[in-house]
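> One structure, as structure tokens, below. Some questions next.
The values are calculated or read from the model by the stated rules, or taken from the named source; none is laboratory data. Computed from a predicted structure; not experimentally measured. Glycine also receives a Cβ, built like all others from the backbone with ideal geometry; neighbour counts cover every protein chain displayed. The accessibility values were calculated without ligands, DNA or RNA, using every heavy atom of the protein model including side chains. Shrake-Rupley method; radii C 1.70, N 1.55, O 1.52, S 1.80 Å.
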Amino acid sequence: MAQTVAARPPTPVIHQTRLLINNEWVDPVEGGTFETYNPATGEVIAEVAAGNAADIDRAVKAARRALESGPWSTMNAADRGRLLYELAGLVERNAEELAALESLNGGKTIGDARGDLQWVANTLRYYAGWADKIEGRTIPVRGDFLSYTLRQPVGVVGQIIPWNFPLLMLAWKWGPALSCGNTVVMKPAEQTPLSALRMGELAIEAGFPAGVINLINGFGETAGAALVAHPDVDKIAFTGHVDTAKIIQRQAAETLKRATFELGGKSPNVIFADADLDDAVTGAFHAIYFHGGQCCTAGSRLFVEQKVHDVFVERLVDKARARRLGDPLDPSTEQGPQVSREQMDKILHYVDLGKAQGAKLLTGGDRVGDRGFFVEPTIFDDVKDHMAIARDEIFGPVVSVLPFQKVEEVIERANNTSYGLAAAIWTKDIDKAHLFARKVKAGTVWVNCYNVVDANTPFGGFKMSGQGRENGEAALEHYTELKTVTVKLNG
Ligand code: NAI
Ligand code: MG
């Protein structure tokens, strides 16, 4: 039966490149722009306004005003929810355009981008529903007092996001922040500034009052650092590299800001001989190659039980060689370019390290073509736990196959990492599955599946993969302050 392939979307028009402060599109105080690229060709798409400390300051002031006075400060919770529902609807109505923008600027295949957009709408709706369900408690205390708690917004929230899922990361951050009544200053990634700008327009259209959502594009070391340092920002929510998180945590200490971090991983994906091997091969392939490996949960340490190692790896290699790389806007493309030359070079450097340290390169390992930043799906076999390719986050289409023999052995090796974002196990043995789920140090564990992440389920890392949780009810805790009110009763 012929599969129907969705059509190629029209090339998106860039409406907006400026900063969004107080619901107005403005130029940076000191001027200045940066170029943003199409990673499939290396060509410049647009010049985007580059914000600096002075712009962050203006945005924080607008966010503070909106928090303390004006319609947002007195809006009832149900109406905040309605605004988020409205935005979710606008995302769905403009999904084709947003997906095309995401694909053009970030190199994501149009199929994956369309999937992201549905996920974005789901996330905004999920948190829209929470807005009027965030409740305090009454607490029985000693003496003639009434004690109750209020959950109030943390305040002005600085949100710094990466380029691998630009709109999804935006939704994960706007959703709970706005649901809880905070105001936001967001700094999108410098690689992918465009889709957030379009979302800024949609937020105004949805009816968010001035100052509630502010967007400052620019670089991490300038705009990002200024947001972290700003004394009137109450909290930072960050997704990105662990080394950047360390810098942010040090800087945030100056003002004792609240900070939550969603960082990378080196996630173990464990295949037992008793698994459904068809499912496991497909799952392991998807786990590493989804979005070209540019995924914090990428299943980059692939533990395969010795008994099925040879047949498993052979099938994985066949699939990797058949993967269709190309123009991400072409609906038949399976893998687009890496996001930037920097990322491509980092990946190729790790391929060199893998070879130099004695891992066996089974397939891939090279750049594809000389235009755009494409890297072949790559498989290393006979990888040892100490090698760089088994320890470091590569963030590309490179998987390390690590053979194992016993369940206790593989649990220990799976945990032998500074990361703890996600883990997966493929087996039909319910005892092994539950033992692994209990023992593995990771914020998310998948059994016979991979990368199943919903707006409703808490997501975040153990160890150096992060602090705090996004998604689900868990995120609300990080976007509210808990206040105890005690009233003397004269009864
Ligand atoms: P990054 O951590 O430098 O960038 C993420 C965000 O942080 C961007 O918006 C950036 O402008 C901002 N930023 C950078 N330095 C900052 C600073 N000093 N203060 C405040 N904000 C700052 O990550 P980058 O350089 O884009 O990618 C490097 C590696 O990070 C990747 O190869 C990958 O290993 C990892 N990464 C992990 C992600 C995840 O989903 N957990 C997402 C993106 C990258
Ligand atoms: Mg960086």
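> Specify which residue in the list Pro162, Tyr127, Leu90 is farthest towards the positive end of the charge dipole of region 80-228, using unit charges on the beta carbon of Lys, Arg (+1) and Asp, Glu (-1), about the Cα centre.
Tyr127
> Would you list the P(r) distribution for region 323-461, with all Cα-Cα distances sorted into 10 Å bins from 0 and each bin expressed as a whole %?
Histogram of Cα-Cα distances, whole percents per bin: 11, 33, 35, 20, 2.
> Also: To the nearest 20 debye, what is the magnitude of the charge dipole of region 374-437 about its Cα centre, counting +1 on the Cβ of each Lys and Arg and -1 on the Cβ of each Asp and Glu?
It works out to roughly 120 debye.
> On the protein heavy atoms, probe 1.4 angstrom, tell me the percent of accessible surface of the chain carried by carbon and sulfur.
Solvent-exposed carbon and sulfur of the chain make up 50 percent of the total.
> What percent does the relative contact order of region 77-202 come to when contacts are Cα pairs within less than 8 Å and at least six residues apart?
Relative CO of region 77-202 lands at 31 percent.
> Tell me the accessible surface of Val44 in square angstrom (1.4 angstrom probe, heavy atoms of protein chains only), to the nearest ten.
Counting only protein heavy atoms, Val44 exposes about 70 Å² to solvent.
> Can you give me the accessible area per residue for the chain, using a 1.4 Å probe, in Å²?
Accessible area per residue: 41 Å².
> Let me check the size of region 252-293 from its C-alpha atoms; what are the radius of gyration and Dmax in Å?
Considering region 252-293 through its Cα atoms, Rg and Dmax are 17.8, 53 Å.
> Quick check on the chain: helices-only [θ] at 222 nm, where DSSP H runs of length 4 and up contribute -39,500 (n - 2.57) each and the sum goes over total residues. Nearest 500, please.
Computed ellipticity for the chain at 222 nm equals -11500 deg cm²/dmol.
> Mind checking Rg over Rh on region 179-305, alpha carbons, Kirkwood formula for Rh?
On the Cα set of region 179-305, Rg over Rh gives 1.10.
> Mean shadow of region 21-64, computed from the convex hull of its alpha carbons, in nm²?
3.7
> Over region 111-168, what relative contact order in percent results from Cα pairs under 8 Å that are six or more residues apart?
So the answer I get is 37 percent.
> Also, quick follow-up: Nearest-5 percent of antiparallel DSSP beta bridges in the chain?
Percentage antiparallel, nearest 5: 45.
> For the charge dipole of the chain, defined by +1 on Lys and Arg C-beta atoms and -1 on Asp and Glu C-beta atoms about the Cα centroid, which residue among His349, Gly200, Ala171 has the Cα displaced farthest towards the positive pole?
Ala171
> Further, regarding this structure: Per Stokes-Einstein, at 20 °C and 1.002 mPa s, what whole-number D in µm² s⁻¹ belongs to region 127-185, with the Kirkwood radius over Cα pairs as the hydrodynamic radius?
Translational D for this selection: 157 µm²/s.
> Of Trp119, Trp446, which has the most accessible area and how do the rest follow, probe 1.4 Å?
Trp119, Trp446
> Just to confirm the number: angle between the C-alpha axis of helix 430-439 and the first principal axis of the chain, 0 to 90 degrees, nearest 10?
Long axis of 430-439 versus the principal axis of the chain: about 50 degrees.
> Turning to a different aspect of this structure: Which value in nm describes the separation of the simple spin-label points at Ile430 and Ser332, placed 7 Å from the Cα toward the beta carbon?
Each label point is offset 7 Å from its Cα along the Cβ direction, giving 4.6 nm.
> Roughly how tilted is helix 309-322, in degrees to the nearest 10 and between 0 and 90, from the longest Cα axis of the chain?
70
> Using 0.36 nm times the number of residues separating Asp454 and Ala77, minus their current alpha carbon distance, what extension gain do you get?
Here the answer is 133.4 nm.
> I need two numbers for the chain: Rg to one decimal and Dmax as a whole number, Cα atoms only, in Å.
Cα radius of gyration and Dmax of the chain are 23.3, 82 Å respectively.
> How big is the charge dipole of region 101-145 about its Cα centre, in debye rounded to the nearest 20, if each Lys and Arg gets +1 on its Cβ and each Asp and Glu gets -1 on its Cβ?
80
> Right, something else. With θ set to phi - 60° and the Karplus curve 6.51 cos²θ - 1.76 cosθ + 1.60, what are the ³J(HN,Hα) couplings of region 443-450 in order, to the nearest whole Hz, using x for Gly and Pro?
Listing the rounded values in order: x, 9, 10, 10, 10, 6, 6, 8 Hz.
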